[in-house]
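This report refers to the structure that appears directly beneath it.
The values are calculated or read from the model by the stated rules, or taken from the named source; none is laboratory data. Note that the structure is a prediction, hence the values are computed from the model and not measured. With ideal geometry, Cβ positions are generated from the backbone for all residues, glycine too; neighbour counts draw on all protein chains shown.
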């Protein structure tokens, strides 16, 4: 089975909002700037080039050079960092949490999408330079979301260091306590060259680095440094200084809440099924000093929520100027921060991420910062040749494979059964019969209409009950085939979810090694907006 494709809509795993965005529906066009077609990048380059200050490039390159000063990486990555000083250099960005050992598979897909798009742009626009960026979410504080990964159906979880006095941000967490995870993971891996590589990566990343930021940078660099990936930790005072005017506006003008609330109102009027991803607060900044907690305004003073820390307006202005590194954007303002400090053209993210980015365009306009193009990351299902042969033998199509469990089994049982377990024809015939009875009741005594309706409902329910019983009996009769189909779907959709949202990359790397990474680069085309099924 070669590489195959299925539309995002047909998978059933993507929201109406994202499917409508991919179809470029007119109703959504006010919420983004340009759709990421290759030819549209020309205008985005011109717009961002005019708006991005030279001084920001100098600061950005200086910070990255320092962050890479003790890392062994590729010449391509170092050249990319140096290129960022030049006015013809632009970035393509993806962001992700500091998940333990990269977390779910889609971490890799995000980054491969980003690197591949930068390469495509380099070919299309050779007079510019394009740098793939991985934005580490070092300032997040949701430890429970990142402290585990799934390998061979088992959850490997880090309890965290004994003390979590880390400024509230996971990037500062010491890597204490990961020795136990390493031992358990090593035992599960067993022997072999690929297993040894995975063990070494885990050991070098988490047992030989002091904090989660450095560990994650090391691992991402090991995986993608040769491809020119540049990894940024934006929790740096020099970068935060570039964002001071916008943070001051957020604290005292609160433009984000006004703009995003208005956008949400417009969203709700377009389609009630569009789920609002994020609701803005009055102030969308955290304070990060021994904790990470939101800032609130109370009766003209400013406080760190549920603490004794407070300022007057003038005191807060002065504190922001002196210590901008202590202020941290939340999900509403982080995108703006990204676009202020990077010469960025496009953000690549998952469906949930793009959903909240689509809330932000008017906020960017208020801030007078160019809104980036938004690209849905590649999604993939990786199957082995053995699994592909099973799918073929069981005559399971891709569209069937992506069905939810109940629908999948019912459809396949109906398909392979030697009797017809579909009473639609009988139901239609019954409805036609009752139409005549309704006519007769209308002509004689309309009071009988209710009785006729009750009898129709009763008989239709009877047919549905018989249909379910027959289907159940056939499932029992075909138990062996049902079991084989269910087992195969369980392998490919662990916990009845997409493989990429559950399994860690080690599940596949352990068997296929670097071939797996190479195939991803070969098969994931970021501008081909379809779900990819890859056979290894």
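Condition test on residue 117, is it farther than 17 Å from residue 339 by Cα and crowded, with 23+ Cβ neighbours inside 10 Å? Quick ask: steps written out before the conclusion?
Details: farther than 17 Å from residue 339 by Cα: yes; crowded, with 23+ Cβ neighbours inside 10 Å: yes.
Yes, satisfied.
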| said: Quick check on residue 336: is it in contact with a strand residue (DSSP E or B) (Cβ under 8 Å, 6 or more places away or on another chain) and either modelled with pLDDT under 95 or assigned by TED's automatic domain parsing to the domain that holds residue 50 (or both)? | reply: yes
| message | It is to be established whether one or more residues within the range 201-221 are closer than 30 Å to residue 487 by Cα, assigned by TED's automatic domain parsing to the domain that holds residue 103 and either touching a residue at least 12 places away in the same chain (Cβ under 8 Å) or surrounded by fewer than 21 Cβ atoms within 10 Å (Cβ to Cβ) (or both). | response | no
| request: Restricting attention to strands (runs of 3 or more DSSP E) lying wholly within the range 129-222, give those where 2 or more residues are more than 20 Å from the chain's Cα centre (by Cα). | output: 129-136, 154-157
| Residue in the range 509-516 that is touching a residue at least 24 places away in the same chain (Cβ under 8 Å) and outside any helix (DSSP H, G or I) present | yes
| Residue check, residue 144 against (1) touching a helix residue (DSSP H, G or I) at 6+ places or on another chain (Cβ under 8 Å); (2) modelled with pLDDT under 95; (3) more than 16 Å from residue 231 (Cβ to Cβ), all met but one. Which one? | (1)
| query | Out of the range 1-20, which residues are more than 26 Å from residue 389 (Cβ to Cβ), touching a residue at least 24 places away in the same chain (Cβ under 8 Å) and over 15 Å from the mean Cα position of the chain (by Cα)? | reply | 16, 20
| Residue, surrounded by the fewest Cβ atoms within 10 Å (Cβ to Cβ), within the range 53-84, restricted to residues that are in contact with a helix residue (DSSP H, G or I) (Cβ under 9 Å, 6 or more places away or on another chain) and closer than 30 Å to residue 259 by Cα | 55
| said: Looking at residue 307 and the list (1) out of contact with any helix residue (DSSP H, G or I) (no Cβ under 8 Å at 6 or more places or on another chain); (2) surrounded by 15 or more Cβ atoms within 10 Å (Cβ to Cβ); (3) farther than 30 Å from residue 132 by Cα, which single condition is not satisfied? | reply: (2)
| request: Sort out for me the helices (runs of 4 or more DSSP H) sitting completely within the range 348-408 that have 1 or more residues that are over 30 Å from residue 280 (Cα atoms). | output: 385-393, 398-401
| Residue identified as in the same structural domain as residue 233 (by TED's automatic domain parsing), part of a helix (DSSP H, G or I) and closer than 28 Å to residue 146 by Cβ among 14, 41, 101 | 101
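With respect to residue 92, is the statement that it is in contact (Cβ under 8 Å) with a residue 60 or more places away in the chain, in a strand (DSSP E or B), assigned by TED's automatic domain parsing to the domain that holds residue 226 and closer than 30 Å to residue 149 by Cβ true?
yes
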| request: Collect the residues in the range 31-44 that are within 23 Å of the chain's Cα centre (by Cα) and either loosely packed, with under 13 Cβ neighbours inside 10 Å or under 15 Å from residue 529 (Cα atoms) (or both), keeping them in residue-number order. | output: 35, 36, 37, 38
